[in-house]
1. Looking at L92, L118 in this structure, which one is under 24 Å from the mean Cα position of the chain (by Cα), surrounded by 14 or more Cβ atoms within 10 Å (Cβ to Cβ) and not assigned by TED's automatic domain parsing to the domain that holds D151?
2. Please determine, by comparing only the residues of the stretch 70-84 that are assigned to a loop (DSSP other than H, G, I, E, B) and either touching a Cys at 6+ places or on another chain (Cβ under 6 Å) or not small (G, A, S) (or both), which one is nearest to I99 (Cα to Cα).
3. For the list (1) in contact with a Pro (Cβ under 9 Å, 6 or more places away or on another chain); (2) modelled with pLDDT of 90 or more; (3) polar (S, T, N, Q), I need the number of the one condition that N198 fails.
4. Considering only residues that are touching a residue at least 40 places away in the same chain (Cβ under 8 Å) and hydrophobic (A, V, I, L, M, F, W, C), look in the stretch 158-175 and name the one that is surrounded by the most Cβ atoms within 10 Å (Cβ to Cβ).
5. Can you tell me which residue among V44, V131, V105, V40 is part of a loop (DSSP other than H, G, I, E, B) and either of a type in the set (D, E) or crowded, with 16+ Cβ neighbours inside 10 Å (or both)?
6. Can you tell which of R69, R47, R23, R77 is charged (D, E, K, R) and touching a residue at least 60 places away in the same chain (Cβ under 8 Å)?
7. Over 20 Å from the mean Cα position of the chain (by Cα) and under 25 Å from L117 (Cα atoms), is that true of L66?
8. Would you point out the residue of the stretch 313-343, among those that are surrounded by fewer than 16 Cβ atoms within 10 Å (Cβ to Cβ) and in contact with a strand residue (DSSP E or B) (Cβ under 9 Å, 6 or more places away or on another chain), that is modelled with the lowest pLDDT?
Amino acid sequence: MEKKKILIICRSFYPEISPRSFRATELAKEFASQGHDVTVCFPVNNRDYSEFKKEYNLKIKDLGKLKLRNIGLKGGRIEYFLRRVLRRSLQLFFEYPNIELMFKVAKVLRKENGYDLLISIAVPHPIHWGVAKVWDKKKNIAKTWIADCGDPYMLARLDTFKHPFYFKYFEKKFCRKADFITVPTEGAKKAYYPEFHNKIKVIPQGIRIDTLNLPEYKKTNVYPVFAYAGGFIPGKRDPRPFLNYLINSKYEFRFVVFTGQAELIKPYAEILCNRLEIRNIVPREELLKILATMDFLVNFDNNTDEQIPSKLIDYAVTGRPVLNITKNIDFNAVNDFLNAKYEKKMKFYDLKKYDIKNVVKQFLELL
């Protein structure tokens, strides 16, 4: 394919550790490695990307410093409660502080033109809203606009509170203007308004498989050592029922959890002691090497096919068996895994599906 001029606009990028950062970073690197002229636009936050740009032969444009900040949660019980209510209300009714991104994106795009492909990456969805605010084929920002959505917005089922009705106009505007909407799984289509289903294309998350160089698995302990990596959603992607079962189990084990939401499971660490080890999140490459040494991995299911945890791709490439914990826990399966019986492990697609080379090919085929 001839050389294309590509603009990727996003909120999160390397070295941030998040699914959307991985999405934007891997796409940018692979497009550039295939010889395309790639520009990535995001809030740089005073980071020095000179070496990164040189190594991967791409351009970086600063989306600008974000001035709006979440309300800090601090103070005594009453102050903490009031701050939490205010913070949640601003997020729910005004999409604060992410609403600022809509104006930042629109401002930058008014000065851009001549691209073959524009890929906007959400979450957060104000990234798409900002593109829609200025998108006009006559302005020649790009020949094709692909709105890439890791998670849905208005029809999302995992959110504790539904978004106010007026945000549907923002969602429908970007869906109407975008040439294509890309989602990671077939089931995700249901979380978008039916009138736009004809625009939706399924393109999974991607990873650079040929350079992983993961260690070979070797059994090192007489008891099972297993891990989970990611966030939690109380009442939905909730580890507590599983941990409650482990507390009362007769087995010896070590459960390693990589998360930025340690507060939810800290009480269990006091009970389980050295059987539960809580660690901070680490860079993806480092994490994969650790996960590849585990006896098995744990996934806390979203209990919907509309939003599939992106961590499952990382799990799949490690080659380790995965125990899927659903709302109705199969305790027989848990016991089997603790006894190194993995017949009920999760089934995954061929890894080639997640190879970043094939993912990029699917995006280019939309041109």
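1. L92
2. Among residues in the stretch 70-84 that are assigned to a loop (DSSP other than H, G, I, E, B) and either touching a Cys at 6+ places or on another chain (Cβ under 6 Å) or not small (G, A, S) (or both), the one nearest to I99 (Cα to Cα) is N70.
3. Of (1) in contact with a Pro (Cβ under 9 Å, 6 or more places away or on another chain); (2) modelled with pLDDT of 90 or more; (3) polar (S, T, N, Q), only one is false for N198: (1).
4. F174
5. Values: V131 fails: part of a loop (DSSP other than H, G, I, E, B); V105 fails: part of a loop (DSSP other than H, G, I, E, B); V40 fails: part of a loop (DSSP other than H, G, I, E, B).
After applying the criteria, what remains is V44.
6. R23
7. Numbers: over 20 Å from the mean Cα position of the chain (by Cα): yes; under 25 Å from L117 (Cα atoms): no.
So L66 does not fit the description; no.
8. The selected residue is T326.
The values are calculated or read from the model by the stated rules, or taken from the named source; none is laboratory data. Computed from a predicted model, the values in this text were never measured in an experiment. Every residue, glycine among them, receives a Cβ derived from its backbone with ideal geometry; neighbour counts consider all protein chains shown.
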